[in-house]
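Report on the structure given below.
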Amino acid sequence: MLGSGSAGNSALVATDHCKILVDGGLSARQLVLRLERCGVAPDQLDGVLLTHEHGDHVCGLEVLCRKFAVPIYANALTAEAIRCDGVLDRHNNWRIFRTSSEFSICDILVQTFPVPHDAVDPLGFAFHAGTRALGFITDLGYATKMLIERLREVHTLVIETNHDEKLLQNDPHRPWPVKQRIQSRHGHLSNTAAASVIEQLLPGKIERLVLGHLSRDCNTPELACREVRALLEQSGKIDMELYCATQSAISPQFRIGETKSGPFQPTFETAFFQNAGAR
Ligand SMILES: [Zn+2]
Ligand SMILES: [Zn+2]
């Protein structure tokens, strides 16, 4: 996790052969800096993959992609929404895919699925490489059945624990409609809601949890971890690895599994994408 929270989100998913940036919601400067600390130069990225068009997920991409011609993978509505805002309208390396489709970026198989959130066509992902998988869900009001099915296969899960329900209710700075939006079925997962999603996945392959997208005013890593750890203790899964990502610092590198070493044979998979081109 390069950074995660209500003010900006970006993560690096990588194998020996492939480097994917998931969202680019930090400043371009911070993205470059934090990638560098992970030993990755921006022009080494094989693509930027977008969950949805909200500013805290895309705000650094205009500048980053002007400097480096990185392909942007997004569904059509998300790409359209971003370009309508006049952002990235000169970017000409879009790889447009259908929601719920799966495709490969080098040796990573990307499964996409819709999540309920107040954006045009927001997504969650499952990344498969070798025999292991990573689930990625931030920005969702609740977990659909289909999403749970997809995530039963993953070994590491990145999941949002956006707010503590009491802190949100008592927050003096947020007007009522904003609180309602956050708590709605198209808003964000509270610590409690995230714990109940995790509970449904415990019979699966899950062995590591990375919490993220914490609200700055209505949550703390301690509260989020406490809520999830309570569930793990209740369920006899105290050995589960648990980490809470933050806004200001890069997380440790999480090793999810092994992929085949040696040179990767590229395929013609990219023909799958219609290139939306420059407008
Ligand atoms: Zn967000
Ligand atoms: Zn959002």
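The values are calculated or read from the model by the stated rules, or taken from the named source; none is laboratory data. None of the values given here were measured: they were computed from a predicted structure. Don't worry about glycine lacking a Cβ; one is built from the backbone with ideal geometry, like all the others, and counts go over all protein chains shown. Ligands, DNA and RNA are excluded from the accessible area calculation, which covers all protein heavy atoms including side chains. Shrake-Rupley method; radii C 1.70, N 1.55, O 1.52, S 1.80 Å.
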Taking the range 153-178 and keeping residues assigned to a loop (DSSP other than H, G, I, E, B) and surrounded by 15 or more Cβ atoms within 10 Å (Cβ to Cβ) leaves GLU153, VAL154, HIS155, THR161, ASN162, ASP164, ASP171, ARG174
Criterion (open to solvent by 90 Å² or more (accessible area, probe 1.4 Å), modelled with pLDDT under 95, of a type in the set (Lys, Arg) and in contact with a helix residue (DSSP H, G or I) (Cβ under 7 Å, 6 or more places away or on another chain)) met by exactly one of ARG279, ARG181: ARG279
Filter pass, ARG90 being at pLDDT below 95 and either more than 16 Å from ligand 2 (Cβ to nearest atom) or part of a strand (DSSP E or B) (or both): yes
Among the residues of the range 118-145, count how many are within 16 Å of ligand 2 (Cβ to nearest atom) and either surrounded by fewer than 18 Cβ atoms within 10 Å (Cβ to Cβ) or outside any strand (DSSP E or B) (or both). 11
So, SER104, is that one away from ligand 2 (no atom under 16 Å from the Cβ) and either of a type outside the set (Asp, Glu) or without any contact (Cβ under 8 Å) to a residue 40 or more places away in the chain (or both) or not? yes
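Residue-wise test of (1) of a type in the set (D, E, K, R); (2) within 17 Å of the chain's Cα centre (by Cα); (3) within 14 Å of ligand 1 (Cβ to nearest atom).
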{"position": "LEU134", "(1), (2), (3)": "no, yes, no"}
{"position": "GLY141", "(1), (2), (3)": "no, yes, yes"}
{"position": "MET146", "(1), (2), (3)": "no, no, no"}
{"position": "GLU149", "(1), (2), (3)": "yes, no, no"}
{"position": "VAL154", "(1), (2), (3)": "no, yes, no"}
{"position": "LYS179", "(1), (2), (3)": "yes, no, no"}
{"position": "ILE182", "(1), (2), (3)": "no, no, yes"}
All-but-one check, ARG83 against (1) open to solvent by less than 20 Å² (accessible area, probe 1.4 Å); (2) within 23 Å of ILE256 (Cα to Cα), failing number (2)
For SER4, are the conditions met, namely being hydroxyl-bearing (Ser, Thr, Tyr) and open to solvent by less than 10 Å² (accessible area, probe 1.4 Å)? yes
In the range 86-113, how many are buried (at least 20 other Cβ atoms within 10 Å of the Cβ) and among the basic types (Lys, Arg)? 1
Among residues of the range 7-57 being within 16 Å of ligand 2 (Cβ to nearest atom) and among the aliphatic types (A, V, I, L, M), the residue most open to solvent (accessible area, probe 1.4 Å) is ALA7
Need pairs with beta-carbon distance below 7 Å; first residue under 10 Å from ILE159 (Cβ atoms) and within the range 182-203, second away from ligand 1 (no atom under 16 Å from the Cβ) and part of a loop (DSSP other than H, G, I, E, B); sequence gap 6+ or separate chains. VAL197/ALA143; LEU201/ARG152
